[in-house]
Amino acid sequence: MAAEIIPLDLSRFFEHHPTLETERLLLRPHAMADADDLFEAFRDPETVRYGPHEPARTIRDAEAMIEIVAKNFELQKTIRFGFELKSEHKTIGWCDLHHIAPEHHRLELGYSLSPRYCGKGYMTEAVREIICFALEDMGFHRIEASCDPRNVKSIRVAERCGMMHEATFRENEICKGEWVSNAIYAILRG
Ligand SMILES: CC(C)(COP(=O)(O)OP(=O)(O)OC[C@H]1O[C@@H](n2cnc3c(N)ncnc32)[C@H](O)[C@@H]1OP(=O)(O)O)[C@@H](O)C(=O)NCCC(=O)NCCS
């Protein structure tokens, strides 16, 4: 029998920004006071190596990012969980829920961590919690992540969080003047 198509009602998640917690992290919306921490993370070329953005040059770039993220939440386009490291009260990364398609019960994840805090399991810890929230609380059926196949660390996070490689779209986009492929990872509910 065909599945009944009822678009997800996400209104309550956009009325009040959700906050989650893991053992070491508070997953919460950014505040303007996070700009220093975000600048520290995103001035490092390593952070943006596999994405379309250039490294942040001034604190104003970090502030502008916080404003854009807040606007995209207002427009119901993106939910960003900033990661506050509980032991240091410091913002060390983020995970976005974006490309949200309520009619298909599907969304995409994007994530980034300050290089100083890599290699400690923080991203895996956060993404596992966020996937659980998106599937169980928000009711999504499918969560995708698109990784540059050269970005082995990102692929390892996706795999550790239960996402499966489904396809690689070869030379699918032009990023920073070169052809880039997209490795598609996904997890389904249930
Ligand atoms: C992708 C990215 C988030 C991966 O970061 P990461 O630190 O490797 O991922 P985690 O925080 O989950 O840490 C996992 C590593 O910590 C290790 N680790 C150390 N202590 C740990 C602990 N207490 N618990 C769990 N893992 C621990 C794990 O063994 C693992 O290392 P391995 O992959 O060599 O086996 C990071 O490289 C990044 O932000 N890159 C720039 C942005 C980017 O490319 N984003 C992805 C776009 S699709």
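None of the figures in this text is laboratory data; all of them are computed from the coordinates on show. Predicted model only: the values in this text are computed from it and were never measured. All Cβ positions, glycine included, derive from the backbone under ideal geometry; neighbour counts span all protein chains shown.
At a glance:
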| read-out | value |
| --- | --- |
| Answer residue from segment 86-95, given it is more than 10 Å from the ligand (Cβ to nearest atom) and closer than 23 Å to P55 by Cα and is surrounded by the fewest Cβ atoms within 10 Å (Cβ to Cβ) among those | K90 |
| Which listed residue, of Y111, Y117, Y122, is farther than 23 Å from M164 by Cα and surrounded by 15 or more Cβ atoms within 10 Å (Cβ to Cβ) | Y117 |
| Residues satisfying the stated conditions in segment 130-164, i.e. within 12 Å of the ligand (Cβ to nearest atom), in a helix (DSSP H, G or I) and of a type in the set (D, E) | E159 |
| Test: residue in segment 160-178 that is under 15 Å from the mean Cα position of the chain (by Cα) and of a type in the set (A, V, I, L, M, F, W, C) | yes |
| Selection count where residues are crowded, with 18+ Cβ neighbours inside 10 Å, assigned to a helix (DSSP H, G or I) and not small (G, A, S), scope segment 17-60 | 7 |
